[in-house]
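Student: Just passing along the structure, written as structure tokens.
Readers should treat all values here as calculations from the given coordinates under stated rules, not as data from a laboratory. Computed from a predicted model, the values in this text were never measured in an experiment. We place every Cβ from the backbone using ideal geometry, glycine too, and count neighbours over all the protein chains shown.
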Amino acid sequence: MKKFLAIALTALAVMLSGAASAEEAASAPVVAEASAPAAATPAVAPAADASAPAAAATPAPVPNKGDNAWLLVSAAFVILMSIPGLALFYGGLVRTKNALSVLIQVFVVFALITVLWVVYGYSLAFTEGNAFIGSFSKILLSGVTPDSVAATFSKNTVVSELIYVAFQGAFAAITVGLILGAFAERIKFSAVLAFSVIWFTFSYLPICHMVWYWAGPDAYTSADAATAAGATAGQLFQWGALDFAGGTVVHINAAVAGIVGAFLVGKRIGFGKESMAPHSLTMTMIGASLLWVGWFGFNAGSALEANGYAGLAFVNTWLATAAATMSWLVAEWLIKGKPSMLGAASGAVAGLVAVTPAAGFVGVGGALIIGLAAGVVCLWGVNGLKRLIGADDALDVFGVHGVGGILGALLTGVFAAPSLGGMGIFDYVANAASADYSITGQVWIQAKAIGMTIIWSGVVSFVAYKLVDMFIGLRVPEDEEREGLDVTSHGESAYHY
């Protein structure tokens, strides 16, 4: 534990020194996140800090109770996705002797990241700093009160900032939780906690800031003002990347960390020789169902308002998930001769992942195609690709979240086109949809954002695992792994017979 605390303090100290200059630059706190410069209802985006003085003769906007209520419910739904949703989904997929270890890892990591989010995470993600990270101007939620507000994607429309903090904090927590499935059943609990602190600080927060931070729609009053506001946004936002609810920030980011961990932690003892079948598909089905329900808050909540775009994201999430469930199941049925519960559950998660970056940008037809494609492509990801790279990604984090996230991010660029029923790009200066949309150009932007996320998360993850291995060690001893982590790491058992 002393070594873990030392690593955590070292990571925080480095981050403090690196963000010092950014803090000085952030003279006015801004709560703003977005998926693309002037994008049509850019997904998960906070607001331009509505604490800025309002224009003369224009009253300061006040939160709409309906928007606040929807965002509160959405935040609770995202927490439901993590605990119990993700915990049960992952817990059922491992062997009996490790079930409790996975449950406690997901549960405690959610708590850990929640604390870090409030202490410094929110500030670094959603205040003005530079193109890669924010500042410490809102450390420990300094200045965030029941009266402070965050912008949405409509001009002169805000939500209560405290609600936005909780909503985004739940995103951060589940992202780190997703990584855990890649190295399940053989990693030290202390190593999990140490890695989580480092990766959250140096990978999640910068990627989140780069994709979702902007000055908010009210800053786009003229062409010159839009240029100035755009220069303060995150790097991928400046590029024009579209990510409604976390294709890059959540899924690709976490999946890369997971696959790097699968390689560096090493394969489970007996992998490929012994049966490692899930011990409870009943538990996994319940977890997948909770993920599906909770994901409505994840995607539809990212509209930040209770409006038609939230409805669009809701329907797209509902439909794409169902389509992916069916395409995975049918493909598996044709290949293996039997449809499986695990296949249906995995297909549902694949659909949820793939539609996440697209949910509020594409039409219903686009969501249907994305879901159908996700089921088949992710089935290949957890079978063909997994064998090809030879990693023991225990719970198929990369095969589903990595492959599905990449597919969804690329197809967002295609089906966001108005010619294909998408919402296109919104011009906040004209306060109307832009007439220009290039599928080729947008897909290229999406590809660059994917590449940046893969490289950033890959490098940070590699360094983080090496540091943890150096000071704590990543893996439990062989005898403890054979006995099971429930008893050897936690002194408890998931079941007593």
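Student: Taking square-rooted eigenvalues a ≥ b ≥ c of the alpha carbon gyration tensor, is segment 74-206 rounded, prolate or oblate, where a/c under 1.5 means rounded and, failing that, a/b exceeding b/c means prolate?
Tutor: prolate
Student: Right, here's the next one. Considering only Cα-Cα distances, which of the following residue pairs are longer than 32 Å: Lys386/Lys466; Lys267/Lys336; Lys97/Lys448; Lys65/Lys138; Lys97/Lys336? Walk me through the intermediate numbers first.
Tutor: Numbers: Lys386/Lys466 23 Å; Lys267/Lys336 26 Å; Lys97/Lys448 42 Å; Lys65/Lys138 25 Å; Lys97/Lys336 28 Å.
Correct reply: Lys97/Lys448.
Student: Size of the dipole of segment 284-393 about the Cα centre, Lys and Arg at +1 and Asp and Glu at -1 on the beta carbon, nothing else charged, in debye to 20?
Tutor: 280 debye
Student: Report Rg(Cα)/(2.2 N^0.38 Å) for segment 96-151, keeping two decimals.
Tutor: In units of the 2.2 N^0.38 Å rule of thumb, it is 1.56.
Student: With only Lys, Arg, Asp and Glu charged, each at its Cβ (+1 for the first two, -1 for the last two), find how big the charge dipole of segment 358-448 is about the Cα centre; round to the nearest 20 debye.
Tutor: The calculated dipole for segment 358-448 is roughly 140 debye.
Student: Mean residue ellipticity at 222 nm from the helices of the chain, using -39,500 (n - 2.57) per DSSP H segment of n ≥ 4 over the full residue count, to the nearest 500 deg cm²/dmol?
Tutor: After summing the helix terms and dividing by residue count, I get -18000 deg cm²/dmol.
Student: Have a look at Ile369, His401, Met326 and report the one farthest towards the positive end of the charge dipole of segment 270-417, computed about the Cα centre with Cβ charges (Lys/Arg +1, Asp/Glu -1).
Tutor: The one lying farthest along the dipole's positive direction is Met326.
Student: I'd like the distance separating the alpha-carbon centroids of segment 343-404 and segment 218-269, in whole Å.
Tutor: If we compute the Cα centre of each part, the gap is 19 Å.
Student: Alpha carbon centre of segment 91-152 versus segment 160-210: separation in Å?
Tutor: A separation of 7 Å, based on Cα centres.
Student: Let a ≥ b ≥ c be the square roots of the eigenvalues of the Cα gyration tensor of segment 250-354; is it rounded (a/c under 1.5), or, if not, prolate (a/b larger than b/c) or oblate?
Tutor: Oblate shape, in that a/c is at least 1.5 and b/c is the bigger or equal ratio.
Student: With charges set only on the Cβ (+1 for Lys and Arg, -1 for Asp and Glu), what does the dipole of the chain come to about its Cα centre, in debye to the nearest 20?
Tutor: With Lys and Arg at +1 and Asp and Glu at -1, about 1120 debye.
Student: So, by mean Cβ neighbours within 10 angstrom, what's the order for 423-436, 406-419, 272-285 with the highest one leading?
Tutor: Most protected by this proxy first, the peptides run 406-419, 423-436, 272-285.
Student: Additional query: Compute the helix-to-body angle for 2-25: its Cα long axis versus the longest principal axis of the chain, expressed 0 to 90° and rounded to tens.
Tutor: On a 0 to 90 degree scale, this one is about 20.
Student: Ok, one more. Taking other Cβ within 10 Å of each residue's Cβ, how do Trp199, Trp328 sort, fewest first? Intermediate results must be reported in sequence, preceding the final value.
Tutor: On the way: Trp199 28, Trp328 31.
Ranking Trp199, Trp328 by Cβ neighbours within 10 Å, fewest first, gives Trp199, Trp328.
Student: Another question, then. With angles folded into 0 to 90 degrees, how steeply does helix 364-380 sit against the dominant principal axis of the chain? Use alpha carbons for both and round to 10.
Tutor: Roughly 30 degrees between the two axes.
Student: Taking Cα centroids, how far is segment 315-330 from segment 430-497 in Å?
Tutor: Measuring centre to centre over Cα atoms gives 25 Å.
Student: A follow-up question, please. From the C-alpha gyration tensor of the chain, pull out the three semi-axes of the equivalent ellipsoid (sqrt of 5λ each), sorted largest to smallest, in whole Å.
Tutor: They are 36, 26, 19 Å, listed from largest to smallest.
Student: Put +1 on the Cβ of each Lys and Arg and -1 on the Cβ of each Asp and Glu in the chain; which of Leu281, Ser135, Phe237 then has its Cα farthest toward the positive end of the dipole?
Tutor: Leu281
Student: What ranking, highest mean first, results for peptides 484-492, 200-208 when packing means the other Cβ atoms within 10 Å averaged over each residue?
Tutor: 200-208, 484-492
Student: Rounded, prolate or oblate: which fits segment 393-469 when a ≥ b ≥ c are the square roots of the eigenvalues of the alpha-carbon gyration tensor, with rounded for a/c under 1.5 and prolate only if a/b beats b/c? Don't skip to the end; give the middle numbers.
Tutor: Working: a/c = 3.55, a/b = 2.23, b/c = 1.60.
It comes out prolate by the Cα gyration axes.
Student: Using the Karplus curve 6.51 cos²θ - 1.76 cosθ + 1.60 with θ = phi - 60°, what ³J(HN,Hα) values do you get for each residue of segment 60-69, in whole Hz, with x for Gly and Pro?
Tutor: Result, ordered by residue: 5, x, 10, x, 7, 4, x, 4, 4, 4 Hz.
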